[in-house]
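Colleague: Could you have a look at this structure, given as structure tokens, before my questions?
Coordinate-derived values only; no laboratory data. Keep in mind that this is a model prediction, so the values were computed, not measured. Every residue, glycine among them, receives a Cβ derived from its backbone with ideal geometry; neighbour counts consider all protein chains shown.
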Amino acid sequence: MAVNSISRWWWVVLSLALASCSATGYQIADLAAEINATRDAGRTLVAPGDTIRLTFPYKLEWNQTVLVRSDGYATFYAVDDVAVAGLKLADLDARLSALYVKLAVPNADQLTVDITQPASPSSAGAGGESMFVVGEVERPGPIVLAGRSMTLFEAIAAAGGHRKASANLHNTILVRRLASGEMRSWRLDADIYRWGRQPPIYLQPRDVVFVPNTAVDEVNIWVDKYIRQMIPLPTLFPPAG
């Protein structure tokens, strides 16, 4: 690996380690929209066979998951059939938000729309379809997405949940490599007692979720324990270009 690539990785690791030393991460409600906007959309248009998930803030009983039928329509609670095939995600979000605003659903303009596309045979089970949860969780390591949608909280739960005696969920860190090749990280307050009241943060393949311990280790110990021994970062995030 080139020297500049090595320097870039150490800068990312050092930044994350230092960030985890602070008392509390940022509120998820303040960053969820920003983080979700960085997701790699992959295929940009809705197609038959896709699954659409709607998440309503503060009205959880309206949350729903529907399948796009072969005729290009999907049936949504209270609004019936809607033509969705061929729409971009942003256009689908605007169309559904408008429909639910007409029904006077509280905060319908803040509706979150997520599309799960079927995994292709070539990528199902591949490392490229996995994200990673590391640190103070019961089963740290890769979680296969294989085309399904998963939120930050669902990923922590899929890793066996946090270790109650040592995990510091208030400083959970999400690392993502953007389509441009840029590395981004966010320090989040993922307090378990607010999981049902926080907007979802959707993950994508190669995301890394790090749950630090209550007393963060020295930087070199942290790197060895949670990065080198768990996931090969240069392989997970190959240098851009």
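Colleague: Let me check I've understood the local charge: for Leu111, count other residues with C-beta under 13 angstrom from its C-beta, Lys and Arg +1, Asp and Glu -1. What total comes out?
Modeller: Here the count lands on +1.
Colleague: In nm, what is the difference between 0.36 nm times the number of residues separating Asn63 and Arg194 and their Cα-Cα distance?
Modeller: Going from the current span to full extension adds 45.4 nm.
Colleague: Please arrange His170, His162 by counting, for each residue, the other beta carbons lying within 10 Å of its beta carbon, fewest first.
Modeller: If I rank by nearby Cβ atoms, fewest first, I get His170, His162.
Colleague: Where in the range 36-91 are there trypsin sites (Lys or Arg not before Pro) that are in a DSSP coil and have at most 16 other Cβ atoms within 10 angstrom of their Cβ?
Modeller: When the trypsin sites (Lys or Arg not before Pro) of the range 36-91 are filtered for loop state and at most 16 Cβ neighbours within 10 Å, Arg43, Lys59, Arg69 remain.
Colleague: Using Cα positions and a limit of under 14 Å, work out the aspartates and glutamates in reach of Lys88, with same-chain residues fewer than 8 apart set aside.
Modeller: Excluding near neighbours in sequence, the set is Asp40, Asp50, Asp114.
Colleague: Go through the range 164-217 and name the trypsin sites (Lys or Arg not before Pro) that are in a DSSP coil and have 16 or fewer other Cβ atoms within 10 Å of their Cβ.
Modeller: Within the range 164-217, the qualifying trypsin sites (Lys or Arg not before Pro) (loop, at most 16 other Cβ atoms within 10 Å) are Lys164.
Colleague: 7 Å from Cα along Cα→Cβ at both Leu178 and Leu45: what's the point-to-point distance in nm?
Modeller: Label at Leu178, label at Leu45, 2.7 nm between them.
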